[in-house]
Every structure is written in C-alpha cells, then in structure tokens.
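Remarks on the structure that follows.
The values are calculated or read from the model by the stated rules, or taken from the named source; none is laboratory data. Treat the numbers as computed from the prediction; the structure is a model and nothing was measured. Virtual Cβ from ideal backbone geometry, glycine too; neighbours counted across all protein chains shown.
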Amino acid sequence: MAPRGATLAVVVVLVAAVVAPPTAVRAAISCSAVYNTLMPCLPYVQAGGTVPRACCGGIQSLLAAANNTPDRRTICGCLKNVANGASGGPYITRAAALPSKCNVSLPYKISTSVNCNAIN
C-alpha cells in the first residue's frame with residue numbers, strides 16, 4: 001500500500017494545479033484542463049494495476065490538442081508539475097510509463113527534469 005503522505009502529496013498537487021493559472025500566457029490549453037483530462041489516471045499512478053481506458057483516452061486527447069508550441073509547452077509544464085508532486089516511491093515511474101502503456105508517443109517525457117522550453 002502507498003504511504004499516506006505520498007498519496008496525499010499527489011492529490012494536493014493535482015488539486016492545487018486545477019486552480020493554478022496556465023503556465024504559458026498564449027496557450028489555449030490550461031493546466032486545469034490537463035489535470036481534469038488526466039484525472040482518470042490517478043488510480044493507476046497511486047496503486048498500479050491496469051491503466052484505465054479513460055486515462056489513455058485523456059492522454060490521446062492531450063496529444064491531439066497540443067497542435068502548437070505554446071500548447072505543447074503548457075502541457076509539458078503541467079505534466080512536469082504532476083511529476084514533481086508524484087516523485088517518491090513508484091508514483092513517478094508509473095506516471096512516466098503512462099504514454100507507452102497507452103501506446104501514445106508524446107513529444108516529451110513525464111519527468112521532473114524535462115526542459116519544457118526546449119519543446120517546439
């Protein structure tokens with residue numbers, strides 16, 4: 001079972017990010033939209049098991065929505081925030097594995113060290 005503090009940290013980051021402003025001023029996508037889209041992924045990130053179909057659908061829709069550099073950078077920054085909140089234990093590993101588990105090729109990694117400004 002996951003440590004209670006780590007699970008709480010992931011939930012707090014997601015909730016805090018929902019009310020946070022977008023990371024890129026000109027992006028049409030907001031972090032709150034990204035987090036809402038990825039909410040079905042939370043059970044997998046917390047406990048493992050089978051990735052929910054709705055989670056994979058959310059990742060696919062994020063890829064489809066990221067059709068310009070500002071949007072890709074915003075999504076990258078939002079995912080980096082999630083990675084920062086999920087660090088510790090297996091959470092970051094599970095979060096980082098989501099694109100491959102869903103057969104989606106994102107132009108960036110879900111990682112605490114990704115440089116979102118390098119995304120084009």
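Per the listing ARG72, ARG94, the residue uniquely part of a helix (DSSP H, G or I) and buried (at least 22 other Cβ atoms within 10 Å of the Cβ) is ARG72.
Modelled with pLDDT of 90 or more and out of contact with any Leu (no Cβ under 6 Å at 6 or more places or on another chain): does that describe ALA97? Lay out the reasoning, then the answer.
Values: modelled with pLDDT of 90 or more: yes; out of contact with any Leu (no Cβ under 6 Å at 6 or more places or on another chain): yes.
It is true that ALA97 is modelled with pLDDT of 90 or more and out of contact with any Leu (no Cβ under 6 Å at 6 or more places or on another chain).
Across segment 11-58, the qualifying residues are those that are at pLDDT below 55 and assigned to a helix (DSSP H, G or I), and the one among them that is surrounded by the most Cβ atoms within 10 Å (Cβ to Cβ) is LEU14.
For (1) closer than 19 Å to SER32 by Cα; (2) among the small types (Gly, Ala, Ser); (3) in contact with a strand residue (DSSP E or B) (Cβ under 9 Å, 6 or more places away or on another chain), each residue gets a yes or a no:
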{"position": "VAL51", "(1), (2), (3)": "no, no, no"}
{"position": "GLY57", "(1), (2), (3)": "yes, yes, no"}
{"position": "ASN81", "(1), (2), (3)": "yes, no, no"}
{"position": "ALA86", "(1), (2), (3)": "yes, yes, no"}
{"position": "CYS116", "(1), (2), (3)": "yes, no, no"}
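Applying the set (1) more than 12 Å from the chain's Cα centre (by Cα); (2) farther than 24 Å from ALA118 by Cα to ALA65 leaves exactly one unmet item: (2).
Matching residues to (1) in contact with a Gly (Cβ under 7 Å, 6 or more places away or on another chain); (2) farther than 17 Å from ILE29 by Cα; (3) β-branched (Val, Ile, Thr):
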| position | (1), (2), (3) |
| --- | --- |
| GLY58 | no, no, no |
| SER61 | no, no, no |
| THR69 | no, no, yes |
| ARG73 | no, no, no |
| THR93 | no, yes, yes |
| SER111 | no, yes, no |
| ASN115 | no, yes, no |
| ASN120 | no, no, no |
